[in-house]
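Nothing in this text is a laboratory measurement; each read-out follows from the coordinates by a stated rule. Quick caveat, the model's predicted, so the values are computed rather than measured. Neighbour counts run over all protein chains shown; Cβ positions are idealised from the backbone, glycine included.
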Amino acid sequence: MKYTGALKQTTRWGASLCLAAVFVAAALAQDVPGIEICTRESAMDRRTGCLQSNVEFLQKVVTKNALDAQQKLSAANREIAALKEQLATASRESAALRNALSAVEAKLAQLEKAAPQPRPDAKPQGK
């Protein structure tokens with residue numbers, strides 16, 4: 001019997017906390033900016049305030065989107081510049097490798113000319 005009173009009290013506290021949470025959530029939901037339907041307002045001053053609120057919200061959204069787009073564009077430009085630098089480096093390295101290859105081929109051709117060529121009728125030495 002002693003526990004039933006504690007259970008009732010705990011249930012009341014839980015219900016009170018849930019009810020308070022609902023009211024707090026409803027109060028916070030009213031402060032969320034966004035587009036409102038202003039045609040429901042009958043007083044012109046309230047309708048004007050509603051429209052002004054919508055305009056301010058849209059200006060903030062446009063400004064935020066413009067800033068985001070500018071940041072993305074700047075990041076893309078930095079990436080393009082880095083890729084151009086990598087391409088220039090790769091082109092220089094490729095040209096250096098081509099020059100080295102042509103030098104090796106020229107040296108090989110020079111060595112082939114300088115080496116004595118064996119005659120086809122000569123017998124191999126060793127036996």
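Among residues of the range 65-89 that are assigned to a helix (DSSP H, G or I), none has a beta-carbon under 9 Å from a residue that is among the basic types (Lys, Arg) at least six positions away or on a different chain. Taking the range 37-70 as the range and being surrounded by 10 or more Cβ atoms within 10 Å (Cβ to Cβ) and charged (D, E, K, R) as the test, the residues that pass are GLU41, ARG46, ARG47, GLU56, LYS60, LYS64, ASP68.
With respect to the stated conditions, LEU111 fails to be of a type in the set (A, V, I, L, M, F, W, C) and surrounded by 10 or more Cβ atoms within 10 Å (Cβ to Cβ).
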